Amino acid sequence: MSYTPIKRPKFSLADRIYIVAIAKGLCRTFKHLVLALTRRSRHREDFNSKGIGLCMPFPEQRWDERLPEYYRGAPTLVRGEDSRERCVSCQLCEFICPARAITVTPGEVDPASPCAKQEKAPKEFTIDMFRCIYCGMCEEVCPEQAIFMSQEYLITLTDRDKGIRDKETLYKLGGVRKGLVNKWNDHK
Amino acid sequence: MQFIIDCWNSVMGDPTWFYLITTIAKLALMFILLLLFVVLSVWIERRIAGWIQDRPGPNRTGIPIHLLQRFGSKEKQPLKKWLEYFGVPANSWIAKLCTWLRLDREIPLFGLIQPMADGAKLFLKQEMTPSYVRKGFFIAAPMFVLGPPLIAAAVLPFSSSVDTCYGAINMCVANLNIGVLWIFAFSGLSVYGLTLAGWASNSKFPFIGGLRATAQLISYEVAMGLSIIPLLMMFSTLNLQEIVQNQAENGWTLVPLWGEGLSLQRWVLLLPMCISFLIFVTSVFAEANRTPFDMAECETDLVGGYHTEYSSMKFASFFMGEYVAMVVGSALVITLFLGGWSIGLGADVCLADWAKAAAITGSDQAATCWQSILGCCAGWIVVLLQFVAFIVKLVAFVFFFVWVRWTLPRFRFDQVMKLSWLVFFEIAVINILLTAAILYFIQ
Ligand code: SF4
Ligand code: SF4
């Protein structure tokens with residue numbers, strides 16, 4: 001036989017009446033309730049949680065230092081170490097963005113500037129934070145490693161206009177990335 | 001003034017008016033009580049769910065203080081100002097306690113008004129009626145869910161009766177002699193709401209949900225009805241007020257520790273009563289569509305069940321109807337099995353005697369002022385105490401409902417039907433015979 005049928009366990013009458021199991025379950029949940037209320041929940045120290053149960057009461061206590069490296073916060077634009085704008089405004093991110101949050105207006109690079117070889121750079125680059133769903137597709141698709149998901153997760157706006165982030169803001173938030181993208185060097 | 005008192009006396013002296021006025025007052029009281037309890041049980045549900053899952057649940061909803069700023073207060077942190085005003089140093093324990101209670105940010109209500117915030121949110125949502133539904137039934141369905149449990153609650157006694165100078169007031173809205181039947185009739189009616197909602201939505205998942213609800217509610221109605229027959233045989237009345245009165249004098253159904261409850265017969269009867277209790281409570285769970293029997297709306301296989309197509313206040317009425325059913329179900333369980341409003345341990349009889357004695361002393365010519373006041377209030381005090389007992393029991397049982405919900409996983413539909421028809425039905429029938437035998441042979 002190519003397969004072995006699973007042996008179903010034979011339940012005794014006591015098992016089939018459920019009552020014992022239900023009572024056990026009720027005790028278990030009640031224990032959790034009491035432990036949560038007396039602030040003695042299991043693994044509480046690991047989380048260093050200050051609230052009831054395992055909870056970190058949010059604005060007072062934050063998870064920040066435990067954010068994993070791969071955390072996908074708000075997308076930002078980055079500069080290279082040579083402070084070159086990495087984005088070449090290929091608009092791939094604009095096309096891939098499922099929420100259509102990105103708008104890129106391509107522009108020309110001043111021929112006199114050291115990174116003239118890349119020819120294009122965004123004239124304008126906006127990300128609409130009301131639309132963005134933090135999927136990270138833009139980061140994935142960018143051929144120039146110019147757009148990265150930051151760790152910023154707390155985007156609380158008091159003004160609607162601030163939700164649409166322009167180029168300056170995005171560069172400011174993104175900062176500088178280590179590691180050279182060499183393909184626009186003069187020597188290449 | 002004298003004129004108003006005269007008017008009042010003549011109106012209340014007329015039995016018809018007296019009956020009308022007291023009934024309307026009781027009606028309002030019961031209605032408010034139920035709706036408050038719905039709100040409270042939503043809160044209990046969410047808090048307990050949180051605690052059981054090691055989280056706090058909704059504990060933040062309060063009145064934010066920045067609202068005060070909206071209304072023109074310039075001060076950003078009124079707490080600091082108040083502390084300064086009372087001369088409390090900013091680092092004393094009182095200040096710390098206030099900060100811990102988040103008084104600097106809001107007037108805390110420990111999340112108690114979360115259900116109201118939810119209600120307001122639902123109220124403000126867009127009301128969607130899909131174009132493909134059967135309009136009339138679609139609109140009628142939520143009313144059918146919310147209405148019947150509210151009507152059924154009319155026969156639930158929430159306290160004993162009190163003698164006033166105009167006549168006795170019985171503390172249940174309608175003291176019907178067929179109280180139990182009334183409740184069954186009306187709680188059975190709410191199945192129409194679910195079925196109609198499922199059918200009128202004209203969409204497959206609600207339809208399956210509605211069908212399941214019908215099948216389940218009808219089967220559990222049978223088990224439920226049969227399971228309390230032993231109880232009715234024991235009390236030999238269908239009047240809920242009398243049943244509770246009997247329990248107050250002779251021991252609760254499940255706790256026969258005083259009065260006639262100490263007789264051999266009652267103790268032997270405890271066995272069928274416990275069986276009844278188990279079946280009845282389980283059926284109440286099924287009737288109220290609560291986990292582990294929430295087949296009609298199990299979101300994993302039916303999207304949202306019979307109310308998938310509903311939004312805004314219509315959805316809210318389903319939601320509320322469910323909670324009203326739960327509260328009424330709990331009230332019925334405590335009325336039948338746990339003594340309803342009775343305080344227990346024979347205290348009710350003593351209190352009633354005390355009230356009677358106080359009334360007699362109070363009406364005496366030689367009574368002091370204090371005694372006559374006591375004579376007037378004694379009956380009301382007793383009623384109030386019993387009312388508090390009722391509420392405490394109700395809260396405890398609602399807690400039990402919630403506790404079970406967050407403990408047990410959902411049954412499969414065939415298991416639910418099997419449990420009703422192959423297990424509960426048989427056991428309930430045998431239980432009736434058993435009770436009859438005990439009542440006949442053990443005196
Ligand atoms: S961020 Fe990347 S993908 Fe988007 S336009 Fe610039 S280079 Fe292209
Ligand atoms: S994270 Fe996703 S949604 Fe946000 S801008 Fe990038 S591609 Fe668009």
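Residues in segment A:27-45 that are charged (D, E, K, R) and in contact with a Leu (Cβ under 9 Å, 6 or more places away or on another chain) were compared, and the one that is farthest from ligand 2 (Cβ to nearest atom) is A:Arg42.
Just one residue in the set A:Asp161, A:Asp110 is in a loop (DSSP other than H, G, I, E, B) and more than 10 Å from ligand 2 (Cβ to nearest atom); that residue is A:Asp110. For segment B:209-221, a residue qualifies if it is in contact (Cβ under 8 Å) with a residue 24 or more places away in the chain and either open to solvent by less than 30 Å² (accessible area, probe 1.4 Å) or in contact with a helix residue (DSSP H, G or I) (Cβ under 6 Å, 6 or more places away or on another chain) (or both), and the qualifying residues are B:Gly209, B:Gly210, B:Arg212, B:Ala213, B:Gln216, B:Leu217, B:Ser219, B:Tyr220, B:Glu221. Go through segment A:82-100 and give me each residue that's among the hydroxyl-bearing types (Ser, Thr, Tyr) and either near ligand 2 (Cβ under 6 Å from one of its atoms) or open to solvent by less than 50 Å² (accessible area, probe 1.4 Å) (or both). The one that is among the hydroxyl-bearing types (Ser, Thr, Tyr) and either near ligand 2 (Cβ under 6 Å from one of its atoms) or open to solvent by less than 50 Å² (accessible area, probe 1.4 Å) (or both): A:Ser89. Within segment A:114-134, the set of residues being away from ligand 2 (no atom under 16 Å from the Cβ) and touching a strand residue (DSSP E or B) at 6+ places or on another chain (Cβ under 9 Å) comprises A:Cys115, A:Gln118, A:Glu119, A:Lys120, A:Ala121, A:Lys123.
With respect to the conditions (1) open to solvent by less than 30 Å² (accessible area, probe 1.4 Å); (2) free of Cβ contacts under 8 Å to residues at least 40 places away in the same chain; (3) aliphatic (A, V, I, L, M), B:Ile24 falls short on a single one, namely (1).
Would you confirm, using the coordinates I've provided, whether A:Lys117 is assigned to a helix (DSSP H, G or I) and within 15 Å of ligand 1 (Cβ to nearest atom)? Spelling it out, A:Lys117 is indeed assigned to a helix (DSSP H, G or I) and within 15 Å of ligand 1 (Cβ to nearest atom). For segment A:62-79, filtering for residues that are open to solvent by less than 20 Å² (accessible area, probe 1.4 Å) and more than 12 Å from ligand 1 (Cβ to nearest atom) leaves 2. Residue count for segment B:250-309 under the criterion of being open to solvent by 10 Å² or more (accessible area, probe 1.4 Å), at positive phi, outside any helix (DSSP H, G or I) and small (Gly, Ala, Ser): the result is 0. Here is a list: B:Ile107, B:Ile113. Which entry is in contact with a Ser or Thr (Cβ under 9 Å, 6 or more places away or on another chain) and farther than 18 Å from A:Gly51 by Cα? Going through B:Ile107, B:Ile113 in turn, the sole match is B:Ile113.
Residues in segment A:120-140 that are within 11 Å of ligand 1 (Cβ to nearest atom) and open to solvent by 70 Å² or more (accessible area, probe 1.4 Å): A:Lys120, A:Met137, A:Glu140. A single member of A:Pro143, A:Pro106 is surrounded by 12 or more Cβ atoms within 10 Å (Cβ to Cβ) and either hydroxyl-bearing (Ser, Thr, Tyr) or more than 14 Å from chain B (Cβ to nearest Cβ) (or both), and it is A:Pro106. When the test is whether a residue is of a type in the set (Gly, Ala, Ser) and more than 10 Å from ligand 2 (Cβ to nearest atom), A:Gly73 does not pass it.
The values are calculated or read from the model by the stated rules, or taken from the named source; none is laboratory data. Owing to the predicted nature of the structure, the values given are computational and were not obtained by experimental measurement. When we count neighbours, we look across all protein chains shown, and the Cβ atoms used for this are built from the backbone with ideal geometry, even at glycine. Heavy atoms of the whole protein, side chains included, go into the accessibility calculation; ligands, DNA and RNA do not. Shrake-Rupley method; radii C 1.70, N 1.55, O 1.52, S 1.80 Å.
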